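Let me begin by presenting the structure, written as structure tokens, before commenting on it.
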Amino acid sequence: MKIPSARFLVSNSDYKKCPKPDLPEYAFIGRSNVGKSSLINALFDNKTLAKTSSKPGKTQLINHFLINEEWYLVDLPGYGYAKVSKSVKAEFQKIIYQYLEHRENLQCVFVLVDIRIPPQKIDLEFMEWLGKTQIPFSIIFTKADKLKKGEKETSIARFKEEFLKSWEFFPDYFVTSSNTKTGMEDIFQFITEINQGF
Ligand code: GDP
């Protein structure tokens with residue numbers, strides 16, 4: 001697979017200041033520590049593209065990357081960390097939600113979920129909000145290298161069961177590992193197909 005080129009463009013905390021919405025855009029979001037920075041770095045075979053956060057909630061803004069001069073990747077702040085104040089949390093949420101609601105070129109939000117842990121209320125509630133707001137999303141299960149095949153299947157089945165309590169269908173999903181690069185091609189394939197219709 002030819003790895004697309006990736007270039008950091010700009011950080012914003014106001015969706016109105018984001019780059020002109022003239023290319024298809026894909027946002028990556030998940031709970032802090034889910035493996036988002038590692039995934040973005042693995043996608044582009046670049047160890048420093050997205051800063052791997054040692055401190056939860058370090059990525060505070062809407063970070064735009066230009067990929068192959070063809071599409072935008074957006075790295076959004078991690079949610080769900082415990083160590084910031086309520087007012088900071090509320091401010092982050094406002095920034096993220098406004099961006100998601102108003103960004104007209106947004107094609108899909110990739111919600112990252114750690115494959116090892118039981119379904120988390122915060123992830124399910126966020127996806128419910130995306131659904132209600134009619135924002136398309138897919139799920140990326142991360143850290144798949146940490147589980148055996150059978151365990152992965154059990155974990156995904158458990159997630160599906162919980163998810164389907166409030167949904168009629170399960171969205172597209174990817175099983176990935178940044179360590180082994182599993183699933184990277186599938187994500188690019190998915191994006192390429194959507195881009196063709198933009
Ligand atoms: P972020 O806070 O969502 O950006 O998460 P990071 O990318 O900083 O990752 C959090 C922790 O999970 C780090 O210790 C990573 O080394 C580890 N991690 C991330 N992705 C993987 C993966 O695919 N496999 C394994 N085994 N560990 C991972």
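Table for the structure above
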| item | result |
| --- | --- |
| Long-range neighbours under 6 Å by Cβ, at least six apart or interchain, first residue touching a residue at least 40 places away in the same chain (Cβ under 8 Å) and within 14 Å of Ile95 (Cα to Cα) within the stretch 16-29, second polar (S, T, N, Q) and open to solvent by 10 Å² or more (accessible area, probe 1.4 Å) | Cys18/Asn12 |
| Selection from the stretch 165-180 of residues that are surrounded by fewer than 17 Cβ atoms within 10 Å (Cβ to Cβ) and closer than 25 Å to Leu106 by Cα | Ser166, Trp167, Glu168, Phe169, Phe170, Pro171, Asp172 |
| Residue tally, condition open to solvent by less than 80 Å² (accessible area, probe 1.4 Å) and assigned to a helix (DSSP H, G or I), over the stretch 181-198 | 8 |
| Matching residues in the stretch 169-185 - criterion: being within 11 Å of the ligand (Cβ to nearest atom) and either without any contact (Cβ under 8 Å) to a residue 12 or more places away in the chain or of a type in the set (A, V, I, L, M, F, W, C) (or both) | Val175, Met184 |
| Residue count for the stretch 1-49, restricted to those that are closer than 28 Å to Arg116 by Cα, in contact with a strand residue (DSSP E or B) (Cβ under 9 Å, 6 or more places away or on another chain) and open to solvent by less than 50 Å² (accessible area, probe 1.4 Å) | 17 |
| Test: residue in the stretch 130-152 that is among the small types (Gly, Ala, Ser), more than 18 Å from the chain's Cα centre (by Cα), crowded, with 19+ Cβ neighbours inside 10 Å and within 16 Å of the ligand (Cβ to nearest atom) | no |
| Which numbered condition Phe188 misses (of (1) free of Cβ contacts under 8 Å to residues at least 60 places away in the same chain; (2) in contact with a helix residue (DSSP H, G or I) (Cβ under 8 Å, 6 or more places away or on another chain)) | (1) |
| Answer residue from the stretch 69-79, given it is assigned to a loop (DSSP other than H, G, I, E, B) and in contact with a helix residue (DSSP H, G or I) (Cβ under 8 Å, 6 or more places away or on another chain) and is modelled with the highest pLDDT among those | Glu70 |
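The values are calculated or read from the model by the stated rules, or taken from the named source; none is laboratory data. Note that this is a predicted model, so its numbers are computed, not measured. Positions of Cβ are backbone-derived with ideal geometry, glycine not excepted, and every protein chain shown enters the neighbour counts. Ligands, DNA and RNA are excluded from the accessible area calculation, which covers all protein heavy atoms including side chains. Shrake-Rupley method; radii C 1.70, N 1.55, O 1.52, S 1.80 Å.
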